[in-house]
1. Sort through Asp232, Asp236 and tell me the only one that's assigned by TED's automatic domain parsing to the domain that holds Pro287, more than 16 Å from the ligand (Cβ to nearest atom), crowded, with 17+ Cβ neighbours inside 10 Å and more than 21 Å from Glu164 (Cα to Cα).
2. How many of the residues making up the range 320-334 are away from the ligand (no atom under 16 Å from the Cβ) and either under 19 Å from Ala87 (Cα atoms) or not assigned by TED's automatic domain parsing to the domain that holds Gly352 (or both)?
3. For the range 13-22, indicate whether the set of residues that are at pLDDT 95 or above and in contact with a Gly (Cβ under 9 Å, 6 or more places away or on another chain) is non-empty.
4. For the range 402-419, give me the residue count where each residue is of a type outside the set (Asp, Glu) and surrounded by fewer than 18 Cβ atoms within 10 Å (Cβ to Cβ).
5. Any residue at all in the range 284-304 that's within 14 Å of the ligand (Cβ to nearest atom) and more than 23 Å from Leu94 (Cβ to Cβ)?
6. Quick check: is even one residue across the range 529-545 closer than 27 Å to Arg295 by Cα, more than 16 Å from the ligand (Cβ to nearest atom), outside the structural domain of Asp102 (by TED's automatic domain parsing) and aliphatic (A, V, I, L, M)?
7. Quick one: which residue in Gly90, Gly103 is in a loop (DSSP other than H, G, I, E, B) and within 15 Å of the ligand (Cβ to nearest atom)?
8. What residue, among those in the range 286-318 that are acidic (Asp, Glu) and in a helix (DSSP H, G or I), is nearest to the chain's Cα centre (by Cα)?
Amino acid sequence: MFFMKLNLKFIFLGLFPLLGMAQENAPKPYGVLPSDRQLKWHEMEMYCLIHYTPTTFQDKEWGYGDADPIIFNPKHFDANQIAHAAAKAGFKGLISVAKHHDGFCLWPTATTNYSVASSPWENGKGDMVREFMQASHNNNMEFGVYLSAWDRNDTRYGSDAYPEAYRIQLKELMTNYGPLFTSWHDGANGGDGYYGGLNEKRTIDRSSYYGWEDKTWPIVRELQPMAMIFSDVGPDMRWVGNEHGFAGETSWATFTPKGIDGRKPVPGDSDYEESPYGTRGGEYWIPAECDVPQRLGWFYHQNQDDKVKTPNQLFEIYLKSVGRGANMNLGLAPMPDGYLHPNDVKSLEYFGRKVNETFHINLAKGATAKASSVRGDSKEFAIQNIFDNDRYSYYAPADSIFTPSIEINLEDNQEFDIIRLRENIKLGQRLDSVQVEMFDNGDWVKIASATSIGANRLIKLSQPIIANRLRLNLFAPVEPTLSDFGLFKEFDEDFSFDTSSDKRERLNNSLYSLLNAGMTVVTDDNSQSSGSFNSKDLVFELKAPVSAIGYLPRQDKQLQGIVLKYEILVSNDNKSWKSIKAGEFSNIKANPVEQIVDFGESLNYKFLKLVAKEFVGDKMTVAEVYFYN
Ligand code: FUL
């Protein structure tokens, strides 16, 4: 006993001071820090979001809430086909849109009959959320859920009873579907809908109606402590402010959400101007998530089979999301039959191979490096740490050295066009910027620079460079950390889609002309112009039969004038008009892509009128109108 005590004393006296020293010696954390759940999420980098509800069967982007559940009858629903395609492409998780704005629940909830239980699918005994969960797990992916707050079906929407029901739905999802990596709450809420047959517009007070902070999110925290809560403004990750999938060139993980006109920022009512960029020194760690559909819209539309994003487009998104410290959330849209179209599968497969082939050989492997300053002589801060695969092992300079340089000697001459940098974010986002130079003909020449490094930064060079000696100049307001330096060469291979179903072609613009006068041209910084009109309708003279019209909203990130609801009329004399189609351009504000209205047949009229039944602000704006034969 006595002997053991002595020994213990020896161990305590001998070891603790050393441990204590190493601890004291680490740079002090800077600013706000990521939580454990955020660290885990940063490591995930990519996952998918699946939109599949009665809206799929209606060929719409937002269901109105009036679809008869009888239409929800997939013939060959195959969650495994979807999960397998995503996993093979390197995605680490799947999020099931358990309920979209149409209100239809993909699981047999106790809160409403408007669910799979009322559909013919699996004779009303199925649970699609469960199938997605199992398929995710079978494919070694994590699972999460999206539960739309806006419910265009529920008759209780707008009254106190609805948020109570919403919270029960959330509890069901948080309880019965295993460990979840996210609870995703989109910002679109309030507006017109079916609401149990009343067909009206219902607005709610977005700051208080859902009780996000005091009643709703605590359910997630209690039942799924590791689930990242997504909303426009956090608390765990923020919307990047667009649906192109691009974070800002500079994108800080730190963020201070801003309200509009002094109002508190809440989901669906906040200022998104800074969302792509974050806030340097912001109040919270709320990194960006880039949600982007694999097709033009979030739901499947047969006429978009040829518009599936190519592997190269997905790779660009990867560089501008994951490569800017954000995560990539790619929207998958199964066909009505219940699985992904071959074009979507093929593009995913090639994209996965591209990422894998690009990043599996790090050309900096075997390099040696020397820093202008190293912190102590401990391995903990050694420069070699930037070459290992550990995101948290790191290099740091001595106290008060805020702008160290690192010289890197590669094993050989290497040809690369992507540079990867990472900080040890457990100590905060410290680096302001990094400059990369190469040694060329006796001189140091700058080849790249980047601000905001964080969890992961990929710098894509405009062309490949061959070098064997490089220098990194770090700039920070405190002692920086660098946990990774990697060099890669983008992998490329030929790609084309196997099937094409879009038989339509755009009419040559000599075959139609706009008759309206009174247009003001609005031009943005990228010289992309749109017209602003005094009238609410555009009249075209047509010289050929048409089967569809395409409306491209303004592309300059402004919302003023964007058409939300439309009506199409035709005429032979420009006097008496026949209405042929009316509807809404759902989700057009968040995702301003071309909206194609199909007439279902070829029409031969002399005049066509596009009426803006509802638009943002006081003047309709249009970037382009296209006609299809
Ligand atoms: C948006 C929704 O309005 C879209 O329909 C889609 O679900 C997207 C992911 O979030 O807010």
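The values are calculated or read from the model by the stated rules, or taken from the named source; none is laboratory data. All figures in this text were calculated on a predicted structure; none of them were measured in a lab. Cβ sites come from the backbone with ideal geometry, for glycine too, and all protein chains shown count toward neighbours.
1. Working: Asp232 fails: more than 16 Å from the ligand (Cβ to nearest atom).
When all the criteria are applied, what remains is Asp236.
2. 1
3. Taking the range 13-22 first, the residues at pLDDT 95 or above are none.
Looking for residues that are at pLDDT 95 or above and in contact with a Gly (Cβ under 9 Å, 6 or more places away or on another chain), one finds none in the range 13-22, hence no.
4. First, pick out the residues of the range 402-419 that are of a type outside the set (Asp, Glu): 402-406, 408-410, 413-414, 416, 418-419.
Narrowing the set further to residues that are surrounded by fewer than 18 Cβ atoms within 10 Å (Cβ to Cβ) leaves 402-403, 405, 409, 413.
Summing the residues that are of a type outside the set (Asp, Glu) and surrounded by fewer than 18 Cβ atoms within 10 Å (Cβ to Cβ) in the range 402-419 gives 5.
5. Taking the range 284-304 and keeping what is within 14 Å of the ligand (Cβ to nearest atom), we get 289-301.
The next check asks that each one be more than 23 Å from Leu94 (Cβ to Cβ); those that pass are none.
Among the residues of the range 284-304, not one is within 14 Å of the ligand (Cβ to nearest atom) and more than 23 Å from Leu94 (Cβ to Cβ), which makes the answer no.
6. No, the range 529-545 contains no residue that is closer than 27 Å to Arg295 by Cα, more than 16 Å from the ligand (Cβ to nearest atom), outside the structural domain of Asp102 (by TED's automatic domain parsing) and aliphatic (A, V, I, L, M).
7. Gly103
8. Among those that are acidic (Asp, Glu) and in a helix (DSSP H, G or I), it is Glu316.
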